[in-house]
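Enquirer: One structure follows; several queries about it will come next.
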Amino acid sequence: MADEIDKAQAADLAHTEAAIKRHAANRSHRESRKHCFTCGERIDEARRLAVSGCQRCVECQGQFERGLQ
């Protein structure tokens, strides 16, 4: 039984890692916006450099991830 569970966990981990790599590859092709997609405020240079392809300011991104936007 343990072998089956180990195999399932390994397959799940491989699937998750592949999804993360695809997501990262898609984000890196996008240029970071200078102004937030949602509120239009200027996005700090530090955020633009730290988060490749960012589209929202920190506040709006937080609201977006919580499903508030």
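Enquirer: Kindly indicate the residue of segment 39-61 that is basic (Lys, Arg) and touching a helix residue (DSSP H, G or I) at 6+ places or on another chain (Cβ under 9 Å) and also surrounded by the most Cβ atoms within 10 Å (Cβ to Cβ) among those meeting that condition.
Expert: Here the residue is Arg56.
Enquirer: Right, here's the next one. Here is a list: Glu31, Glu17, Glu4. Which entry is modelled with pLDDT under 95, open to solvent by less than 100 Å² (accessible area, probe 1.4 Å), out of contact with any Leu (no Cβ under 9 Å at 6 or more places or on another chain) and not aliphatic (A, V, I, L, M)?
Expert: Working: Glu31 fails: open to solvent by less than 100 Å² (accessible area, probe 1.4 Å); Glu4 fails: open to solvent by less than 100 Å² (accessible area, probe 1.4 Å).
Of the residues listed, the single one that is modelled with pLDDT under 95, open to solvent by less than 100 Å² (accessible area, probe 1.4 Å), out of contact with any Leu (no Cβ under 9 Å at 6 or more places or on another chain) and not aliphatic (A, V, I, L, M) is Glu17.
Enquirer: So, of the residues in segment 17-69 that are among the charged types (D, E, K, R) and in a loop (DSSP other than H, G, I, E, B), which turns out to be farthest from the chain's Cα centre (by Cα)?
Expert: Glu41
The values are calculated or read from the model by the stated rules, or taken from the named source; none is laboratory data. Predicted model, so just to flag it, every value in this text is computed and none were measured. When we count neighbours, we look across all protein chains shown, and the Cβ atoms used for this are built from the backbone with ideal geometry, even at glycine. Accessible surface areas use protein heavy atoms only, side chains included; no ligands, DNA or RNA. Shrake-Rupley method; radii C 1.70, N 1.55, O 1.52, S 1.80 Å.
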